[in-house]
Amino acid sequence: MNTRDWPIRAKLTALVVGPVTGLLALWIFATTLTFGPALDLLAARTLLYDLGRPGESVVAELQRERRLSVVQLAGDTALPALAEQRTRTDQAVAELRRRVDGEKLRDAADDLLDTRLDQLVSALDALPAGRGFIDSRKVDRAGAVGLYSGMIGSAFQAFSGMATLPDAELNREALALTALGRSRELLGQADALLAGAVTAGRYAEGEHEQLVRTIENQRFLAENAVADLPPAERAEYQRLTEGEGFVRLRALQDTLVRARDLPAGLDVRAWETSYAAVSQGLRDFELRGADTLAERSVPMAVRILVRLAAAGVLGLLAIVACVLVALRVGRSLDRRLTGVRTAALEMAEHRLPDVVARLRRGEEVDVAREAPELDHGGDEIGQVGRAFNEVRRTAVQAAVDEVTLRRGLNEVFLNIARRSQGLVHRQLALLDRLERRTEDPDELAGLFQVDHLATRLRRHAEDLVILAGAAPGRGWRNPVAAVDVVRGAISEVESYDRVDVGEVQPAGVLGRAVGDVIHLLAELIENATVFSPPGTRVDVTGRSVPGGYTIEITDRGLGMSPPALAEANRKLSRAPEFDPTDSARLGHFVVARLAARHGVRVELRPAAPGGTTAVVLVPSDLVTDEPALGPATPDGAAGPDDRRMAKVTRLATVPRTRAARPGRDRPESAVLPLPAGRTSSVETPADGEGLPRRVRRRGPVARPRPVAVDNAAHRTPEEARRAMSALQAGTARGRRDGARRAAEPSPPEPPAAPDHRTATERDA
């Protein structure tokens, strides 16, 4: 039985219940052992008067009937005295049966006495049949003696069963009285044998030997029985045996023992007189001894009961005292241990988390107040309490130190991130100026690539800002089209040329959320490109749904197992605290932080036939109508938001080193013709789907370049028609914008504000 997980109250109860139960059982056992003998002593009087006296009467009547039955069998005629004796015997047997069948005697008798009473009743049931055999002379004198002697022997066995008193002296005296009764029964058997022989005038075969054995057994039993009597009873018996009747009967017995045949000069009258006197004297002596025994047992039983009551009360009081002391001590231990446990749980589950939360909110914490001293006494429990006090103070101080360290670490992250952001913004501004002045297409392409690397570097700096708990500084004042938001996210991914933009339904995203949504989508798109084979494509689609706008990013990788998918969705569903030990999924941490900031829901789902789909639900309060195309300023010039978005989405126009795919290709932006000898990048509306995007063009006087033969991919007529239509529309718009800008130069783009928000590492 494992008791490790038992409550302390149950363990203390088990410690108390075991000894108390044992003590109570011992008290009950001792009480029963003492109470039983007392009841036996009280039952001795009941046994004497309900069994001893009626049984002795039955024995006396059977002895008389036996003598008369033997005399009748020795003679030739029926004896009228035998019939009268049988009547007296039946009356005595009926009285004994009534007492035996009564509940009083049965309740006082034990199992042994119950069995012997049943045997006695069964033996008496054979009396009518034996009388019939005697009357029909089917038995001889020895058979008749054996018949009655068997019934009388059953009675003496019942008397012996009464001699089970708890007191050794009383029990020995009871057995001695029973033995005297048996010796008197043997004397009666000898009288019956002699009466039959006298009536017949001779001994039957074997009767003399039986008479001799009976006399010798009678003397032996009497001598042994008298030796166990108390001195007073033994002296009284000695005086009885010295009487005239005993002396004459002993002399006649000696004569019968010495003579082989029946003596001719035997004084039968003297035998009968002496036998009657001796038998009556022995019977009276036995009855007086039984009465004395019963009277002596009652005071002894009372004394035992008094001692039992005193011992029982004292034992019960001791048990009650033990229980009370055990309960008091157990309750005290339970209360004190429960206090220590409650303090520990309260510290672990409430106080320490509250201290950490307050520290993270920037509040000041008093260690002495948050971990007060608790007094649990001076014993071992008190020592444990004092040790726990030290543990509590150490834990609170450790929490303060840890939060202070994390706060300092966040400040370091934020400082490094802000410095990096400032440098990146200056680098982007410098690149923008270089791109505007550069005319060589190859150099312009290289500057575009460096610009792309700087854009990704800016996103990584923003990750540090997000890790530090701050918010990035990028933002737009006006709504931005959803397709431009998607393109802006793609432009911040290394493998942007593997991303296909599918159907993106018209919609706009409020300017205050554009930067964070672009960052969020960029993290998810980069995960899709990193965790899918290099030759596969990543699809991005967008559509309006009830409650907002959904953007789905699907890769064709190996996918994620259901447990990993569930764990990732759990992290994405809330904004967790940054854990430096969990650096394998920093992208998920950044996405969760950005999504929680604007109420965006992000969920990962299995894709068919393989891969993973990231579903981004932008809430309806961040979604608006798609902004109109064209200049956002009254004078027709492009606004700062338009120019920034044009920079963000510029990589959408970089040629891709792959063949066109049906239904996936987007028309290229229109290219403006410039004066001979110049090559420049311009901002033009890209096929009517978003803000202007910068493209590059080579002037006719540029230095010669080796001509590369492009083998155009096979296109369907419908695709060619769409491409040409888009080219025409773009050319017309480019000419209009070029003429306007030639007449009135556009103002320079203001430098971007420093970025002051957190970011994270890439998902490995």
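I'd like the residue in segment 488-508 that is assigned to a helix (DSSP H, G or I) and open to solvent by less than 10 Å² (accessible area, probe 1.4 Å) and, out of all such residues, is nearest to VAL450 (Cα to Cα).
So the first thing to find is which residues in segment 488-508 are assigned to a helix (DSSP H, G or I), and the list is 488-491, 496-498.
Right, trim to open to solvent by less than 10 Å² (accessible area, probe 1.4 Å) and you get 488-489, 491.
Values: GLY488: 16, ALA489: 17, SER491: 12 Å.
Once the filter is applied, the top-ranked residue is SER491.
Restricting attention to segment 411-439, the residues that are crowded, with 18+ Cβ neighbours inside 10 Å and of a type outside the set (A, V, I, L, M, F, W, C) add up to 8. If you go through segment 103-126 and pick out every residue that is open to solvent by 80 Å² or more (accessible area, probe 1.4 Å) and among the aliphatic types (A, V, I, L, M), you end up with 1. For segment 440-451, filtered to residues that are charged (D, E, K, R) and open to solvent by less than 60 Å² (accessible area, probe 1.4 Å), the residue that is modelled with the lowest pLDDT is ASP451. Within segment 152-168, the residues that satisfy the criterion of being more than 19 Å from ARG88 (Cβ to Cβ), touching a residue at least 60 places away in the same chain (Cβ under 8 Å) and not small (Gly, Ala, Ser) are PHE156, PHE159, MET162, THR164, LEU165, PRO166, ASP167. From the list ARG202, ARG234, ARG213, ARG219, the one residue that fits, being of a type in the set (Lys, Arg), in a helix (DSSP H, G or I) and farther than 30 Å from VAL93 by Cα, is ARG234.
Among residues of segment 2-21 that are farther than 19 Å from GLY339 by Cβ and in a helix (DSSP H, G or I), those with a beta-carbon under 7 Å from a residue that is at pLDDT 75 or above and not hydrophobic (A, V, I, L, M, F, W, C) at least six positions away or on a different chain give the pairs VAL16/GLY330. The condition of being in a helix (DSSP H, G or I), modelled with pLDDT of 75 or more, more than 27 Å from ALA489 (Cα to Cα) and open to solvent by 30 Å² or more (accessible area, probe 1.4 Å) does not hold for ARG406.
Kindly indicate whether any position in segment 204-219 is among the small types (Gly, Ala, Ser) and crowded, with 20+ Cβ neighbours inside 10 Å. Checked against the condition, which is being among the small types (Gly, Ala, Ser) and crowded, with 20+ Cβ neighbours inside 10 Å, segment 204-219 yields no hits at all. Can you go through ARG570, ARG605, ARG597 and tell me which one is open to solvent by 50 Å² or more (accessible area, probe 1.4 Å), at pLDDT 90 or above and of a type outside the set (Asp, Glu)? Sole residue among the options that is open to solvent by 50 Å² or more (accessible area, probe 1.4 Å), at pLDDT 90 or above and of a type outside the set (Asp, Glu): ARG605.
The criterion of being touching a helix residue (DSSP H, G or I) at 6+ places or on another chain (Cβ under 6 Å) and surrounded by fewer than 20 Cβ atoms within 10 Å (Cβ to Cβ) does not hold for ARG97.
Identify, please: which residue in segment 145-190 is at pLDDT 85 or above and in contact with a Lys or Arg (Cβ under 6 Å, 6 or more places away or on another chain) and is, among those, farthest from LEU221 (Cα to Cα)? The residue in question is TYR148. Residues in segment 369-385 that are assigned to a helix (DSSP H, G or I), more than 16 Å from GLU346 (Cα to Cα) and open to solvent by 40 Å² or more (accessible area, probe 1.4 Å) were compared, and the one that is modelled with the lowest pLDDT is GLU380. Hey, among the residues in segment 291-347 that are within 18 Å of ARG9 (Cβ to Cβ) and of a type in the set (Val, Ile, Thr), which one's least open to solvent (accessible area, probe 1.4 Å)? Among them, the one singled out is VAL340.
Among the residues of segment 546-572, the ones that are without any contact (Cβ under 8 Å) to a residue 24 or more places away in the chain and of a type in the set (Gly, Ala, Ser) come to 3 in all.
Inspect segment 34-49 for any residue being at pLDDT below 75, farther than 21 Å from ILE304 by Cβ, open to solvent by 30 Å² or more (accessible area, probe 1.4 Å) and acidic (Asp, Glu) and give the result as yes or no. No, there is no match, as no residue in segment 34-49 is at pLDDT below 75, farther than 21 Å from ILE304 by Cβ, open to solvent by 30 Å² or more (accessible area, probe 1.4 Å) and acidic (Asp, Glu). Quick check: anything in segment 265-283 modelled with pLDDT under 85 and open to solvent by less than 50 Å² (accessible area, probe 1.4 Å)? Yes, some residue in segment 265-283 is modelled with pLDDT under 85 and open to solvent by less than 50 Å² (accessible area, probe 1.4 Å).
For GLN91, are the conditions met, namely being in a helix (DSSP H, G or I), free of Cβ contacts under 8 Å to residues at least 40 places away in the same chain and exposed (fewer than 14 other Cβ atoms within 10 Å of the Cβ)?
Numbers: in a helix (DSSP H, G or I): yes; free of Cβ contacts under 8 Å to residues at least 40 places away in the same chain: yes; exposed (fewer than 14 other Cβ atoms within 10 Å of the Cβ): yes.
So GLN91 fits the description; yes.
Of all the criteria given as (1) open to solvent by 50 Å² or more (accessible area, probe 1.4 Å); (2) modelled with pLDDT of 85 or more; (3) assigned to a loop (DSSP other than H, G, I, E, B), the one not satisfied by LEU558 is (2).
Which pairs turn up if I take residues in segment 127-151 that are under 20 Å from ARG213 (Cβ atoms) and open to solvent by 30 Å² or more (accessible area, probe 1.4 Å) and look for partners that are at pLDDT 90 or above and hydroxyl-bearing (Ser, Thr, Tyr) with beta carbon separation below 9 Å, at least 6 apart in sequence or on another chain? Within 9 Å, the pairs are ARG141/SER69; LEU147/SER69.
The values are calculated or read from the model by the stated rules, or taken from the named source; none is laboratory data. None of the values given here were measured: they were computed from a predicted structure. For neighbour counting, all protein chains shown are included, and Cβ atoms are generated from backbone atoms with ideal geometry for every residue, glycine included. Each accessible area value is taken on the protein alone, full model and side chains, heavy atoms only, with ligands, DNA and RNA left out. Shrake-Rupley method; radii C 1.70, N 1.55, O 1.52, S 1.80 Å.
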